[in-house]
Amino acid sequence: MSNSDYKGVFVFAQQVDGVAAGVAFELIGKAHELARSRGTQVTAVLLGYRVTNLAQQLIAAGADRVLVLDRPELETYMTEPYAWAMAKVIREYLPEIVLTPATAIGRDLAPRVSARVHTGLTADCTGLDIQEETGNLMMTRPAFGGNIMATILCPEHRPQMATVRPGVMQRLPEDASRTGEVVLLDWQVPAETHNVDILEVVRAVSEAVDIQDAKVLVSGGRGMGCAENFRLLEELAEVLGGTVSASRAAVDAGWAAKDRQVGQTGKTVRPKLYIACGISGAIQHLAGMEDSDYIVAINKDETAPIFEVADYGIVGDVMKVVPALTEELRARAGK
């Protein structure tokens, strides 16, 4: 079988508890762009139990076709049944490109599927494009601790598989008038794939807002000096109804949790307002926040790279500017 036998861009449409993950819609948006470059269609693969109702949402997000395997064995994610199902989809439908979210589930699933279908996998991608001369998928990801960006090709094998970070790709505007094909697969999941019994699902409850969902982010970097000074950022975020995030330097120093990190080795965010406090703006950080609607930078170094992407810049001591800004906003809110 030759590479020319493989057609289409497929997306693993992750869902949990019958709710489609936001990253599934992001990947469909990017798949739509790649498919148009290749003159082909977007297919979403939906696995789970009692999830068929999600198919129309995926079509509204840009999928041309949705393959649904709705089985009780797939109600809760387990590696073996899901890997069997995805590998069977690939063998039956021969997709040229397969995209999977770089979530906990996707990072578990994708390498096992790629091994079963004997192809490569580029993990944790932040960029995808089609090479004009060859039609190959160019998969870009951070390498060497995020210090360089590597573009990887898989010219000899199909499908070309990649996991993609949440928050990196843009979803298409939802269009309820879009039409597409829903294919209900009647496959029986083999009993031998069921090698784990789930006795109980214990869910962790967190009051913290995921920084990828926040509309306002107040982000601190090395210039904040210490963990205690992040309290100033929390006060500013509280006034603005936002959330605190951090640069890698601040996270490495232990001033903020890993799930607060913005950048190539953290999370990609697109808030309406991003306030960078004491962040110089290394390229690794900029890659994670430069698509924010409005960027405000506060830094005492007027040559800091962060000012090149900022809509508004304040040159000054962050330890003086942030409290003054918080006080002024509180006063205005009081009025």
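The values are calculated or read from the model by the stated rules, or taken from the named source; none is laboratory data. Bear in mind that the values here come from a model prediction, so they are computed numbers and not experimental data. Reconstructed Cβ throughout: ideal geometry from the backbone, glycine too, with neighbour counts over all protein chains shown.
Quick rundown of the values:
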read-out: The one condition in (1) more than 25 Å from Val168 (Cβ to Cβ); (2) not in a strand (DSSP E or B) that Val68 fails to fulfil; value: (2)
read-out: Long-range neighbours under 7 Å by Cβ, at least six apart or interchain, first residue in a loop (DSSP other than H, G, I, E, B) within the range 121-133, second among the charged types (D, E, K, R) and modelled with pLDDT under 95; value: Thr126/Arg141; Thr126/Arg165
read-out: Flag if Ala87 is in contact (Cβ under 8 Å) with a residue 12 or more places away in the chain and either buried (at least 19 other Cβ atoms within 10 Å of the Cβ) or closer than 18 Å to Gln170 by Cβ (or both); value: no
read-out: Filtered residues of the range 43-77 (kept if over 18 Å from Leu99 (Cβ atoms) and among the basic types (Lys, Arg)); value: Arg50, Arg71
read-out: Residues located in the range 309-335, provided they are of a type in the set (Asp, Glu) and either in contact (Cβ under 8 Å) with a residue 60 or more places away in the chain or farther than 18 Å from Arg222 by Cβ (or both); value: Asp311, Glu327, Glu328
read-out: Unmet criterion (only one of (1) among the β-branched types (Val, Ile, Thr); (2) within 15 Å of the chain's Cα centre (by Cα); (3) over 23 Å from Ile283 (Cβ atoms); (4) at pLDDT below 95) for Thr79; value: (2)
read-out: Arg116, sole failed condition from (1) at pLDDT 95 or above; (2) under 23 Å from Glu290 (Cβ atoms); (3) surrounded by fewer than 17 Cβ atoms within 10 Å (Cβ to Cβ); value: (2)
read-out: Conditions (1) without any contact (Cβ under 8 Å) to a residue 60 or more places away in the chain; (2) closer than 14 Å to Ala246 by Cβ: number failed by His285; value: (1)
read-out: Every pair of residues 6+ apart whose Cβ atoms lie under 6 Å, when the first sits in the range 1-22 and is over 22 Å from Gln41 (Cβ atoms) while the second is among the aliphatic types (A, V, I, L, M); value: Gly18/Val51
read-out: Selected residue (only one of Val262, Val209 is under 24 Å from the mean Cα position of the chain (by Cα) and either crowded, with 21+ Cβ neighbours inside 10 Å or among the hydroxyl-bearing types (Ser, Thr, Tyr) (or both)); value: Val262
read-out: Boolean, Pro72 is surrounded by 22 or more Cβ atoms within 10 Å (Cβ to Cβ) and within 24 Å of Val202 (Cβ to Cβ); value: no
read-out: Helices (runs of 4 or more DSSP H) completely within the range 215-293 that count 3 or more residues being among the charged types (D, E, K, R); value: 230-240
read-out: Some residue of the range 34-45 being in a loop (DSSP other than H, G, I, E, B), charged (D, E, K, R) and in the same structural domain as Met139 (by TED's automatic domain parsing); value: no
read-out: Pick from the range 130-180, criterion exposed (fewer than 11 other Cβ atoms within 10 Å of the Cβ) and of a type in the set (Gly, Ala, Ser), ranking: farthest from Ala110 (Cα to Cα); value: Ser177
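Conditions (1) over 21 Å from Met169 (Cα atoms); (2) among the polar types (S, T, N, Q); (3) outside any helix (DSSP H, G or I), marked per residue:
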| residue | (1), (2), (3) |
| --- | --- |
| Gly62 | no, no, yes |
| Glu80 | yes, no, no |
| Glu92 | yes, no, no |
| Ala110 | no, no, no |
